[in-house]
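Structure in structure tokens, see below.
The values are calculated or read from the model by the stated rules, or taken from the named source; none is laboratory data. Because the structure is a prediction, the values reported are computed rather than measured. Every residue, glycine as well, gets a Cβ built from its backbone with ideal geometry; the counts of neighbours run over all protein chains shown. Side chains included, ligands, DNA and RNA excluded: accessible areas come from the protein's heavy atoms. Shrake-Rupley method; radii C 1.70, N 1.55, O 1.52, S 1.80 Å.
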Amino acid sequence: MRDHDRHVIVVGAGLSGLATALGSALRGCPVTVFEAADLVGGAAAYSGGQVWVGGNHVAEREGIEDSLELAERYVRDIAHAAPEALDERAMRRWLTESPKAVRYWEEVGAIRWAVIPGLADYHAEADGALGAGRYLTNEVIDGSVLGEWRRRIRVSPYFPVGTTYGEMFVEGRRVSGSDADDTAARGDQAQAFGLTRSDGEADGRQVGAADPLTFGTGVVASFLARLLKEESVTIRTSHPVTELLTDDAGRVVGVRAQGADGPVEAYGDVVLATSTYDWDPELVRDLLGLEPEDFGSIAPRSLRGDGLKLARSVGGDVARIPATSVPMLPGWEAGDGAGFAYGPEFAKPHTFIVDRSGRRFCNDSYWVDIVAKALDPDDRHLPFYLIWDEQHRRKYGLGTVPPGGEYPPGVVTSAQSLRELGAALGIDGERLERTAARFNEHAERGDDPDFGRGSLDYVLRFYGDPRHRPNPVLGTVTEAPFHGMRLRFLGTGIGSSGIRTDEDGHVLNASGERVPGLYAVGSCAALTSSGSGYNSGFALGRGLTTAYLVSRELGGRSGETTAGD
């Protein structure tokens, strides 16, 4: 390590921002991190903490065979829908450098990696797909190591933080009601698996004596704990950056932020790490083509497209990924003004999804297919609806509603017949009955010849009920009363479209030239490295890789770096 005068300013204290700050500090740079919200962690802390890395050293030490060639074949195959959206140089840079990056972060003590057991790539049918080994997450970290910062980190309301993936895969993301009644402890566990309601501002202040952190919260906590050891780093929460400062030549030379006591200016190279645009309706309309009645978000409300707007203000360009490829989840309004909610319930047995005609149109246990088919510009299926029966309510509940519980007023519509339910929701009830009859005929046998529900290993393991037979995501919809609600797409803090960057994280203008002094990492930068292809973990994996590359450049290192730098 060496000290020098190159000050680094990071805008955003999510995972990629914290990693960039750490990498820069370890290479001798003084760093200031500006975070708009009062809590750190951003959308990454709310996530499942999946970091996708092909050919990584963690899988290798566990005896799992993989290669960069296989990983590249996989990315190319799943990005075929819009090949023009794929940046070849960015893809190769990401895939080549990501194994080095995750090894580096482990060597410098930022995280202890673990392979998520038995979790397959999304697209098992694609060339180069792997059955396990590419998803990394953190070994359990004790929140006490964060000291006073433990109360200032976001805790995911969507995953059972403190539980490991291995434990969750045994129980499922929601324990069925028949088993949840066995003991009080099991009932508490069922409630933990159902932490799925949010107004976008979950609180990180529940601290117990034993405080294991896992999923996205644990990954962020690991990096934060290491960053806090660096005396050259200052983190300023509740300091939204409002302006980029430039010199007469147009170089970005600093930022202006708004603090509690007024404007604050800081000077240095600027790295944007503000995540995406979920809570800006105009950007959602522009980049996704969705109106407010069809979109919401489960990401923190601080994700307002700030980085994208800042980049545009100094000439930065925007790269667009088709909306049909953007990671969005089917969800709903939580009721009583509490924001939006989602959960694994849409993929559990005894459910299916239809459009207004009462017809199914996709593999409705798989968000990738739901998004692609519902938003197909030549055959859109909006609005769309989740339909389920009393078996589902009794076994799984809905969001924060426990198995067998009562739904919040105004959220769910119920009726004694599917035809009546259809009429109440504005769906063709007669067609809905016919759809259910065909679905039930095959669900009873555990298959779905029409749309392939229940055929994807990732979905079965991540969303299914491991106790339900013969298929963890297929069950008949036959028991009255029947229930339904209009769904909307919920952003997850991965907008795919975003700031145009090159393969090393430099912000580019419309002519493809670098905006001097300005970088972008994480989900504020467009996912051109994978184009129209997406797999869970791409965003965090690409984010940590770009953070590694940008911090290496800012530290003045062009060669390979190790923990001893």
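So, in region 128-145, how many residues would count as being touching a Phe, Trp or Tyr at 6+ places or on another chain (Cβ under 6 Å) and either in a loop (DSSP other than H, G, I, E, B) or of a type in the set (Asp, Glu) (or both)?
3
Can Val252 be described as touching a strand residue (DSSP E or B) at 6+ places or on another chain (Cβ under 8 Å), farther than 27 Å from Ala341 by Cα and among the hydrophobic types (A, V, I, L, M, F, W, C)?
Here the answer is yes, as Val252 does meet what is asked.
Per-residue answers, yes or no, for (1) at pLDDT 95 or above; (2) β-branched (Val, Ile, Thr); (3) under 27 Å from the mean Cα position of the chain (by Cα):
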site	(1), (2), (3)
Arg445	yes, no, no
Phe462	no, no, yes
Pro470	yes, no, no
Val473	yes, yes, yes
His506	yes, no, yes
Pro516	yes, no, no
Val521	yes, yes, yes
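Among the residues of region 289-320, write down those that are crowded, with 24+ Cβ neighbours inside 10 Å, out of contact with any Leu (no Cβ under 6 Å at 6 or more places or on another chain) and of a type outside the set (Gly, Ala, Ser).
Pro300, Leu303, Leu308
Next up: Is there a residue in region 105-112 that is surrounded by 15 or more Cβ atoms within 10 Å (Cβ to Cβ), assigned to a helix (DSSP H, G or I) and modelled with pLDDT under 95?
no
Also: I'm checking my understanding of the structure. Among residues of region 206-220 that are in contact (Cβ under 8 Å) with a residue 12 or more places away in the chain, open to solvent by less than 70 Å² (accessible area, probe 1.4 Å) and out of contact with any Lys or Arg (no Cβ under 8 Å at 6 or more places or on another chain), which one is farthest from Gly517 (Cα to Cα)?
The qualifying residue farthest from Gly517 (Cα to Cα) is Pro212.
Same structure, new question: Need at least 2 residues that are out of contact with any Pro (no Cβ under 9 Å at 6 or more places or on another chain) per element, so show me which helices (runs of 4 or more DSSP H) inside region 1-81 make the cut, counting only ones lying wholly within it.
Hits in region 1-81: 15-26, 57-61, 68-78.
Using the structure shown, decide if Glu148 is outside any helix (DSSP H, G or I), without any contact (Cβ under 8 Å) to a residue 24 or more places away in the chain and not aromatic (Phe, Trp, Tyr).
Spelling it out, it is not the case that Glu148 is outside any helix (DSSP H, G or I), without any contact (Cβ under 8 Å) to a residue 24 or more places away in the chain and not aromatic (Phe, Trp, Tyr).
Taking Ala423 as meeting all but one of (1) without any contact (Cβ under 8 Å) to a residue 40 or more places away in the chain; (2) surrounded by fewer than 18 Cβ atoms within 10 Å (Cβ to Cβ); (3) in a loop (DSSP other than H, G, I, E, B); (4) not acidic (Asp, Glu), write down the number of the exception.
(3) is the only condition that Ala423 fails.
To continue, here is another question. So, of the residues in region 222-273 that are of a type in the set (A, V, I, L, M), in a helix (DSSP H, G or I) and in contact with a Phe, Trp or Tyr (Cβ under 9 Å, 6 or more places away or on another chain), which turns out to be surrounded by the fewest Cβ atoms within 10 Å (Cβ to Cβ)?
Going through the qualifying residues, I end up with Ala225.
On to the next question. Any chance region 38-50 includes a residue that's modelled with pLDDT under 95 and under 30 Å from Val264 (Cβ atoms)?
no
Here's something else I'd like to know. So how many residues does region 488-529 have that are assigned to a strand (DSSP E or B), open to solvent by 20 Å² or more (accessible area, probe 1.4 Å) and free of Cβ contacts under 8 Å to residues at least 60 places away in the same chain?
1
Looking at Val58, Val33, Val102, Val53 in this structure, which one is open to solvent by less than 10 Å² (accessible area, probe 1.4 Å), closer than 25 Å to Tyr277 by Cβ and of a type in the set (Val, Ile, Thr)?
Val33
Assuming Asp336 fulfils every condition listed in (1) open to solvent by less than 40 Å² (accessible area, probe 1.4 Å); (2) of a type outside the set (Lys, Arg); (3) out of contact with any helix residue (DSSP H, G or I) (no Cβ under 8 Å at 6 or more places or on another chain) apart from one, which condition is it?
It fails just one condition, (1).
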